[in-house]
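Below is one structure, written out as structure tokens; the observations come after it.
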Amino acid sequence: MRPEAPAEKPASRRPSKWREGIAGYVFLSPFLLGLMGITAIPMLYSLYLSFTNYELLGRTSDWIGFENYIELFTNDPQFWHAVQVTLVFALVAVPLKLAVALGVAMLLNRERRGTGLFRGLFYLPSLLGGSVAIAIIWRAMFDRDGAFNSLLAFFGVEGKPWVNDPDWALETLMLLAIWQFGAPMVIFLAGLKQVPQELYEAAAVDGAGAWRRFRNITLPMLSPVIFFNLVLETINGFQGFTSAFVLSDGTGGPTDSTLMYTLQLYNRGFTEFEMGSASAMAWVFLLSIGLITVALFSTGRMWVHYADEEG
């Protein structure tokens, strides 16, 4: 018998895996370069600037430590006023926006003729609401001679210069934010489609009314979607800038009634040219948003219910 030939050793796959890894990094390189050049490096540089007295048009850039942060918290009334305006805006506009979005989503959840058209029309403001053009139109609508006052005059009600009235300017800004309810509405609508209809049928057989079905079935089943929208819209509410800038001509007026935090940050850096102080404001803002998000996730454990949870 002829001796068997020795079995050939399998070829090493290491070079092939190495080439695949290199190819993966090559395809990721545009994203990695953008992340480093547009996000990571500017963030680290702004962190450095927050510890200096750097002025945009000046030549001084001396290291001053935490003086910018101490100045913000102890001797800057504009900073605290911007914080107050932003908190009021977020605490009022965000819940109302989510409530309107959920209500409209429940109305559009029923399949009727023309429902698709109405869904598109209600979603349209979310696509256009953040633009400068819409903010300009909104300002014209709520001016003294605007369309809103003309509508009130038709019913015999005297109008006001809403965007120029310190008592109503922020409310006008809130109304614009609430009008942009299309994005959370679509998410609520997708969540409503996932609620089993058998639950509503069983509750109806047991004699539960509409409010009880909404409270005991719709809200618990939608709690993950509500939580998702709440986190996103809270962050968006604190980041509002374009509308406040356009409606107040970049000043936060009248009498600082629309001085949002991001608008004050912009003015500090690009109007007053105090880039060191503006960088400190940016990092305070970033940390505050992070803490608010952590707080929302911590409280979410008490009221958010997932389908795969026991009990």
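State, to one decimal in nm², a quarter of the convex hull surface area for the C-alpha atoms of segment 246-287, i.e. the direction-averaged projected area. Don't skip to the end; give the middle numbers.
Numbers: hull surface 11.7 nm².
For the Cα atoms of segment 246-287, the hull's average projected area reads 2.9 nm².
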Under 10 Å, Cα contacts only: if you run a Gaussian network model on the chain, which one of Met221, Met174, Met185 comes out with the highest mean-square fluctuation? Met221
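Sorted by packing (mean other beta-carbon atoms within 10 Å per residue), highest first, where do 291-302, 255-266, 98-109 land?
Values: 291-302: 11.1, 255-266: 21.7, 98-109: 18.2.
Averaged packing, sorted descending, gives the order 255-266, 98-109, 291-302.
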Helix by helix through the chain, keep the DSSP H runs that span 24 Å or more along the axis on Cα and average at least -1.0 on Kyte-Doolittle, and give those back in order. 14-34, 77-108, 219-238, 275-303
Out of residues 5 or more away from Thr52 or on other chains, whose amide H comes under 5 Å of its own, with H placed 1.01 Å from N in the peptide plane? Ile64
Normalised contact order of the chain, rounded percent, pairs of Cα under 8 Å and 6 or more residues apart: 26
For the chain: accessible area per residue (Å², 1.4 Å): 64
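May I ask you to give the percent of accessible area on segment 57-142 that is carbon plus sulfur, with a probe radius of 1.4 Å? Walk me through the numbers on the way to the answer.
Numbers: 3770 of 5500 Å².
Roughly 69 percent, rounded to a whole number.
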Please give the solvent-accessible surface of Ile41 in Å², to the nearest 10, using a probe radius of 1.4 Å with every protein chain present. 100
Whenever you get a sec, line up Thr218, Thr60 from highest to lowest accessible area (probe 1.4 Å, protein heavy atoms). Thr60, Thr218
Of all accessible surface on segment 200-311 at a 1.4 Å probe, what whole percent is carbon and sulfur? 64
Alpha carbon centroid spacing (whole Å) that separates segment 40-62 from segment 170-208: 45
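The values are calculated or read from the model by the stated rules, or taken from the named source; none is laboratory data. Quick caveat: nothing in here was measured; it's all calculated off a predicted structure. As a convention, Cβ positions derive from the backbone with ideal geometry for all residues, glycine included, and neighbour counts pool all protein chains shown. With ligands, DNA and RNA removed, areas are computed over all heavy atoms of the protein, side chains included. Shrake-Rupley method; radii C 1.70, N 1.55, O 1.52, S 1.80 Å.
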